[in-house]
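What follows is a short report on a single structure.
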Amino acid sequence: MNSVGRLIVVVLFEGVDLLDVTGPPEVFSLARRETEDAAGYEVVLAAGSMDPVTTAAGVRVLPDAAFEDLSARRIDTLIVPGAVEIDGRRRVRALTDPAVVEWVRRLAARTRRVTSVCVGAHVLAAAGLLDGKRATTHWSTARQLAEEHPAVEVDADPIFIREGDVWTGAGISSCLDLSLALVADDLGEEVALRVARQLVMYLKRPSGQSQFSVPLEQVSTTRRVEDLRHHIMRNLAAPLTVADLAAHAHVSDRQLTRIFKTELGTTPYAYVESARVEAARQQLESTDATLERVASACGFGTVDTLVRAFRRRLDTTPTEYRRRFRTGARAGAQAVQHGPTGPGPVHRCQRLPAAPPP
């Protein structure tokens, strides 16, 4: 088969996250290999100059081209990674370079499909490419994106979102999920599945798959809310009503609701449900517990309540979630049994730690 000539441009700049840069090219390279180069992908790393770029990991990367060298070329896919700074209180803030933003704006005008990886969404937003669109970014900078760009409908939950020819991705490792989705869009699910097998990952987590994890949520600025968070994680099987939580915090029901809204940007009910879903996810991934036992241990009471929460939060069912993301001895045995040509091992790209100790 003849190459169809798809130029993929990955934007480089100082301080960029390394995996944002290297992850997508690996997926496109494997797609070329799996199609005997018929995919036609040509990946180019582009920067403001040909000087080496130092990534956030300290690894230096050499650009293949300067931005101006591409100004006359038709680009199939523009991939925009991100960069962050972390202050003394471990708060994360996305960075944007005005010169890079301007080049992204120019190159996007010659591009069929524009994508961002992780906090690269902030660059797209600064370039005006997300106005009026729904978009995602890493959960740690979602509030910043919403505050700085009110014309963007920020959804911090999905691992990636497609709005026409603009795609935005969430956490760093989800660049692989996003790239697989791009391959599937270009070449079909069967090719994307073959690439996923080579990467030893589950094919294309659904775009609605949640990146949210209660233990990883931004830490509150008050001791009272941190105590409430730990109390919830230790007592998921308890009722945990607004009245229960208010009594534990020695405040009124109304004051508790206001505290959650101000500190965590959500309601007590929604936070508790999210915590229970996170705990259920971990049990489904790592244990053989029945749905009845998982529902009871995580405070859902009934399997029906568990199922409804999973549909609402993750757009899937507990049974389907376990089938996709089961880890441990059983998943390993399945991977060995199926080998490289079978259904493929059921692994998640990004494992989330358990709740922090009190």
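Using the 2.2 N^0.38 Å rule of thumb for compact globular proteins, work out how region 28-177 stacks up: its C-alpha Rg over that value, please. Provide the component values of the computation, followed by the final result.
Working: Rg = 15.5 Å, N = 150, 2.2 N^0.38 = 14.8 Å.
That ratio works out to 1.05.
Note down the nm distance, to one decimal, between modelled labels 7 Å out along Cα→Cβ at Ala65 and at Val251.
That separation, rounded to one decimal, is 5.5 nm.
Please give the FRET efficiency for Ser29 paired with Ala109, using the beta carbon to beta carbon distance and R0 = 22 Å, rounded to the nearest 0.05.
Details: r = 27 Å, r/R0 = 1.23.
With R0 = 22 Å, the Cβ-Cβ based efficiency is 0.20.
Could you compute the FRET efficiency for Glu42 and Ala99, with r as their C-beta to C-beta distance and R0 at 30 Å, rounded to 0.05?
Values: r = 25 Å, r/R0 = 0.83.
Calculated value: 0.75.
Counting only other residues whose beta carbon sits under 15 Å from that of Gly5, what net charge do I get with K and R as +1, D and E as -1? Don't skip to the answer; put the middle values down first.
On the way: positive: Arg6, Arg32, Arg73, Arg74, Arg110, Arg112, Arg113; negative: Asp37, Glu42, Asp76, Asp186.
Local charge sum for Gly5: +3.
Across the Cα atoms of region 232-278, what radius of gyration and what greatest pairwise Cα-Cα distance (Dmax) are found, in Å?
Both quantities, over Cα of region 232-278: 10.0, 27 Å.
Please list, by residue number, every one of the GluC sites (Glu not before Pro) in region 28-82 that is coil in DSSP and has at most 10 other beta-carbon atoms within 10 Å. Working shown, then result.
On the way: sites: Glu34, Glu36, Glu42, Glu68; in loops: Glu36.
Those satisfying the criteria are Glu36.
Would you calculate the separation in nanometres between label points at Ala238 and Thr266, each defined as 7 Å from the Cα along the Cα-to-beta-carbon direction?
Inter-label distance under the simple model: 1.9 nm.
How much of the accessible area of region 238-287, probe 1.4 Å, is carbon plus sulfur, in whole percent? Intermediate results must be reported in sequence, preceding the final value.
Working: 1280 of 2250 Å².
For region 238-287, the apolar C and S fraction of the accessible surface comes to 57 percent.
Taking R0 as 45 Å, what's the FRET efficiency between Arg134 and Gln198 from their Cβ-Cβ distance, rounded to 0.05?
On the way: r = 31 Å, r/R0 = 0.69.
Once the sixth-power term is evaluated, E becomes 0.90.
Gain in length, Glu153 to Thr290, computed as 0.36 nm per residue apart minus the alpha-carbon separation, to one decimal in nm? Walk me through the numbers on the way to the answer.
Values: separation 137, 0.36 × 137 = 49.32 nm, distance 3.82 nm.
Gain in length upon complete extension: 45.5 nm.
Taking the Cα centre of each part, how many Å lie between region 173-195 and region 7-48?
Region 173-195 and region 7-48 have Cα centres separated by 13 Å.
Mind checking the full-extension length gain between Thr54 and Glu163? Use 0.36 nm per residue of separation minus the Cα-Cα distance, one decimal, nm. All intermediate terms of the calculation are to be shown ahead of the outcome.
Values: separation 109, 0.36 × 109 = 39.24 nm, distance 3.15 nm.
Computed gain between Thr54 and Glu163 is 36.1 nm.
Carbon-plus-sulfur fraction of the accessible area of region 130-185, 1.4 Å probe, in percent?
Values: 880 of 1930 Å².
Solvent-exposed carbon and sulfur of region 130-185 make up 46 percent of the total.
Pop out the carbon and sulfur fraction of the accessible area of region 61-111 as a percent, whole number, probe 1.4 Å.
Details: 1320 of 2830 Å².
Ligands and nucleic acids excluded, carbon and sulfur give 46 percent.
The values are calculated or read from the model by the stated rules, or taken from the named source; none is laboratory data. Worth saying up front: this structure is predicted, and the values here are computed from it rather than measured. Counting neighbours? That spans all protein chains shown, and the Cβs are built from the backbone with ideal geometry, glycine included. When the accessible area is computed, the model is the full protein with side chains, heavy atoms only, and any ligands, DNA or RNA have been set aside. Shrake-Rupley method; radii C 1.70, N 1.55, O 1.52, S 1.80 Å.
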